[in-house]
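**Student:** After the structure tokens below, expect a handful of questions from me.
Bear in mind these aren't lab numbers, they're just calculated from the coordinates by the rules spelled out. Being a predicted model, the structure only gives us computed values, none of them experimental. All Cβ positions, even for glycine, are placed from backbone atoms using ideal geometry, and neighbour counts span all protein chains on display.
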Amino acid sequence: MTQENIESILTEDRIFAPSEAFRSKARINNRADYDALRARAEKDHEGFWAELAKSEIDWHKPFTKTLDSSRAPHFSWFTDGELNISYNCIDRHLKDKGDKTAIIFEGEKGDTRRITYKELHKNVCQFANALKAKGIKKGDRVVIYMPMVPEAAVAMHACARIGAVHSVVFGGFSAESLKDRIEDAGARALITADGGTRGGKVVPLKAACDEALGKGCKTIETVFVLKRAGNDVAMKNGRDIWWSDATKGQAETCEPEWVNSEHPLFLLYTSGSTGKPKGIQHSTGGYLLGTIVTMNWVFDIQENDIYWCTADVGWITGHSYVAYGPLAVGGTALMYEGAPVIPDAGRFWKICQDHKVTIFYTAPTAIRALMKAGDDYPNKYDLSSIRLLGTVGEPINPEAWIWYHEVIGKERCPIVDTWWQTETGANVIAPVPGAVDTKPGSCTIPLPGMAVDVVDDAGNSISTPDRGGYLVIRKPWPFMLRTIWGDDQRYIDTYWGKFNNRYYVAGDSCRRDKDGYFWIMGRIDDVLNVSGHRLGTMEVESALVAHERVAEAAVVGRPDDIKGEAIFAFVVIRGPRPQGSEADKLTKELRDWVAKEIGPIAKPDDIRYADNLPKTRSGKIMRRLLRTIAKGEEITQDISTLENEDIVKQLQGEM
Ligand code: WTA
């Protein structure tokens with residue numbers, strides 16, 4: 001489908017400037033300084049990144065070459081430098097901050113722990129030595145399938161410390177998905193736990209591992225098992241070992257393995273719209289730099305901040321903004337094990353209050369769910385410690401943005417809407433909060449050194465405001481993915497093929513407004529073509545959600561003989577799901593509403609109600625599934641990662 005002239009129908013004119021109180025303490029606190037920084041990056045792209053890499057990273061052996069493009073579109077950064085990321089995240093803080101809390105942990109049941117940098121160092125070294133004792137060495141792949149507990153981060157750093165390549169598989173994935181990822185990576189070891197606690201239930205992780213290993217995974221020699229939930233598990237002799245036994249008696253120090261800057265730090269599997277999951281491969285030096293600069297620029301992290309990113313370590317956000325970024329800058333990161341609604345929808349706000357969280361970073365889907373639960377929950381807690389809010393993962397609709405701003409941020413806190421991807425490694429388009437005014441629903445402008453553009457089908461930059469196109473990145477950046485594990489060709493085809501290797505193609509559609517602000521319109525796959533009008537699904541969704549009775553909406557296209565595509569909306573309303581004539585009445589009202597909000601062209605042809613939308617465990621709406629349902633086709637795809645399988649029947653109109 002051509003992306004030219006994707007019509008933009010969403011207009012949001014409100015602008016929010018950071019408060020004086022926020023600006024007075026922010027590290028970059030005015031637009032002129034910030035523009036100067038961006039201009040410097042533009043003038044000397046390599047020099048800009050080289051300077052930062054030198055000042056922000058402790059190199060064991062300094063690099064002399066910044067960027068190697070000889071294998072483009074495979075790029076290498078800081079190519080002859082040597083470093084260790086666990087050293088940079090832990091050891092280098094020991095002298096000045098050894099007793100500072102590195103990780104604050106809260107379990108779903110309310111148990112808490114605080115781990116200092118010194119303790120973290122010891123735990124990581126002992127577990128690194130345990131890995132070595134089982135023969136794991138530099139370059140070996142290790143799969144981590146853990147609950148959201150500090151040991152997950154310890155395991156990641158222990159791998160990094162000895163140069164092993166970790167691949168974290170989210171604990172909500174099925175045994176089948178785990179098996180596929182282990183086999184694709186050819187992992188030698190698996191690190192897991194007996195179980196984790198989520199939603200008041202034990203998630204039997206070890207049992208899933210046994211099932212996966214029973215089906216294949218011949219490369220796995222050792223399974224390390226952390227005791228967490230206390231559920232019964234089977235241990236296989238000669239293969240399985242308890243974490244506590246493996247670390248017993250291990251030395252409390254472990255010399256870091258100094259690796260080349262390009263040494264793969266991790267693989268993280270991400271699903272595309274088709275085909276098997278892609279093992280996104282990241283580097284060591286460039287990736288580390290991305291997490292550091294964005295912690296400084298976007299999150300404005302400072303010495304006394306308590307930083308809470310709610311993402312699970314199974315996702316890229318949990319890598320960059322839980323396990324690595326906050327530690328790389330010597331910060332304090334909070335980790336929470338459980339669900340946001342245990343015991344009730346006030347849990348996040350209680351945690352913010354109890355641990356005096358100052359920076360809070362979550363996903364729009366969580367914000368909408370908590371908004372739906374009502375203001376009484378956040379209003380019960382003291383949220384005055386919070387100074388900065390963030391969102392990531394999907395476009396945030398202006399209504400949820402305003403709620404976040406007013407009810408959580410009390411109109412005091414800037415909101416950083418951060419656009420990025422597993423592939424980009426760290427934030428790419430996001431406001432620097434003391435310098436860039438925000439607009440609800442826009443991720444604002446690209447960070448320094450990020451050559452982001454919006455281009456038409458022919459690859460020409462679009463200068464007309466509000467005309468949608470492909471989001472691309474014109475120049476390589478240090479924290480970009482290096483390849484797809486074991487499949488260089490797929491890397492080239494997926495990210496570079498569209499425009500003849502000229503740009504990195506993100507797969508999102510986007511428009512720029514008259515002020516140069518970026519508005520993500522959704523994945524390219526999510527663009528509708530209704531009677532020759534190309535509409536971003538997100539804009540129709542936003543209009544629906546603006547109706548007072550609608551809590552959440554997802555819109556997909558269904559082939560239509562006359563219009564090309566008809567609009568099919570799946571809607572969750574506040575309160576009980578409407579049925580029968582009540583549903584018909586509401587459908588008419590919503591169709592008229594959208595017609596009024598956007599125009600008759602965007603009127604949904606079908607609306608179906610459900611108690612919830614089908615989401616992956618990371619909160620992404622499963623659009624491919626919704627498309628299948630909208631077409632009335634049989635579901636053949638894997639829905640094992642679905643939070644609630646019953647809603648599929650509702651969505652199919654059978655319940
Ligand atoms: C979407 C998550 C709008 C986008 C870090 C992207 C967003 C995909 C935003 C990557 C945002 C992420 N506004 N859309 N602030 N952040 N996305 O790999 O479609 O899980 O391509 O990485 O999420 O998802 P991923």
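**Student:** Could you work out how far the C-alpha centroid of the stretch 590-655 sits from that of the stretch 209-262, in angstrom?
**Tutor:** 40
**Student:** Further question on the same structure: For the chain, take the alpha-carbon Rg, divide it by the Kirkwood Rh, and send me Rg/Rh. Let's see the in-between values first.
**Tutor:** On the way: Rg = 24.0 Å, Rh = 25.3 Å.
So for the chain, dividing Rg by the Kirkwood Rh gives 0.95.
**Student:** Same structure, new question: Report the calculated FRET efficiency for residue 636 and residue 344 (r = Cβ-Cβ distance, R0 = 35 Å), to the nearest 0.05.
**Tutor:** Values: r = 38 Å, r/R0 = 1.07.
The formula returns an efficiency of 0.40 here.
**Student:** Taking amide H positions as placed 1.01 Å from N in the peptide plane, with prolines and chain starts having none, which residues 5 or more places from residue 521, or on another chain, fall under 5 Å of its amide H?
**Tutor:** Those lying under 5 Å, H to H, from residue 521 are 509, 510, 511.
**Student:** A further question follows. Residue 488 versus residue 55, label points 7 Å from Cα toward the beta carbon: distance in nm?
**Tutor:** 3.6
**Student:** Next up: Choose one of 426, 117, 250: the residue whose Cα lies farthest towards the positive end of the charge dipole of the chain (beta-carbon charges +1 Lys, Arg; -1 Asp, Glu; about the Cα centre).
**Tutor:** The residue sitting farthest along the positive end of the dipole is 250.
**Student:** Normalising by the residue count of the stretch 525-572, find the relative contact order in percent from Cα pairs under 8 Å and 6+ residues apart.
**Tutor:** Relative contact order for the stretch 525-572 comes out at 37 percent.
**Student:** Still on this structure: Give the distance, in whole Å, between the Cα centre of the stretch 468-501 and the Cα centre of the stretch 105-132.
**Tutor:** So the separation of the two Cα centres works out to 36 Å.
**Student:** Could you work out the relative contact order of the chain, using alpha carbon pairs under 8 angstrom and six or more residues apart, expressed as a whole percent?
**Tutor:** 14
**Student:** Using a 4.7 Å cut-off between beta carbons, which cysteines in the chain end up with no partner cysteine at all?
**Tutor:** Lacking a cysteine Cβ partner under 4.7 Å: 89, 159, 209, 217, 309, 352, 413, 443, 510.
**Student:** When the Karplus curve 6.51 cos²θ - 1.76 cosθ + 1.60 is applied with θ = phi - 60°, which whole-Hz ³J(HN,Hα) does each residue of the stretch 203-214 get, with x for Gly and Pro?
**Tutor:** 8, x, 5, 4, 4, 5, 4, 4, 5, 4, 5, x
**Student:** Provide the per-residue ³J(HN,Hα) series for the stretch 645-655, in order, calculated from phi with Karplus coefficients 6.51, -1.76, 1.60 and θ = phi - 60°, each as a whole number of Hz, with x at glycine and proline positions.
**Tutor:** 6, 5, 5, 4, 4, 4, 5, 7, x, 9, 10
**Student:** Additional query: Amide H neighbours of residue 193 under 5 Å, counting only residues 5+ apart in sequence or on other chains, H built in-plane at 1.01 Å?
**Tutor:** For residue 193, the qualifying residues are 206, 226.
**Student:** Considering Cα pairs under 8 angstrom that are at least six residues apart, work out the relative contact order of the stretch 568-636 and quote it in whole percent. Please report the intermediate quantities before stating the final value.
**Tutor:** Working: 55 pairs, mean separation 25.9, N = 69.
Reported as a whole number, the value is 37 percent.
**Student:** May I ask you to compute the full-extension gain from residue 236 to residue 561, defined as 0.36 nm times their residue separation minus their alpha-carbon distance, rounded to one decimal in nm?
**Tutor:** 111.2 nm
**Student:** Name the long-range amide H neighbours of residue 573: under 5 Å, sequence gap of 5 or more, or other chain; modelled H, no Pro or chain starts.
**Tutor:** 551, 610
**Student:** Let me ask you something else. If you average the C-alpha positions of the stretch 357-421 and of the stretch 301-349 separately, how far apart do those two centres end up, in angstrom?
**Tutor:** 14
**Student:** Please compare each pair in 372/603; 227/248; 201/227; 514/603 to a cut-off of 19 Å on the Cα-Cα distance and tell me which ones are over it. Each step should come with its number before you reach the end.
**Tutor:** Numbers: 372/603 24 Å; 227/248 14 Å; 201/227 16 Å; 514/603 27 Å.
Pairs exceeding 19 Å: 372/603; 514/603.
**Student:** What percent antiparallel are the DSSP beta bridges of the stretch 258-399, to the nearest 5?
**Tutor:** 35
**Student:** Can you compute the helix-only [θ] at 222 nm over the chain? Use -39500 (n - 2.57) per DSSP H run of at least 4 residues, normalise by all residues, nearest 500 deg cm²/dmol.
**Tutor:** Computed mean residue ellipticity for the chain: -8000 deg cm²/dmol.
**Student:** Per-residue HN-Hα couplings for the stretch 189-196, Karplus 6.51 cos²θ - 1.76 cosθ + 1.60 at θ = phi - 60°, whole Hz, x for Gly and Pro?
**Tutor:** 9, 10, 10, 9, 9, 4, x, x
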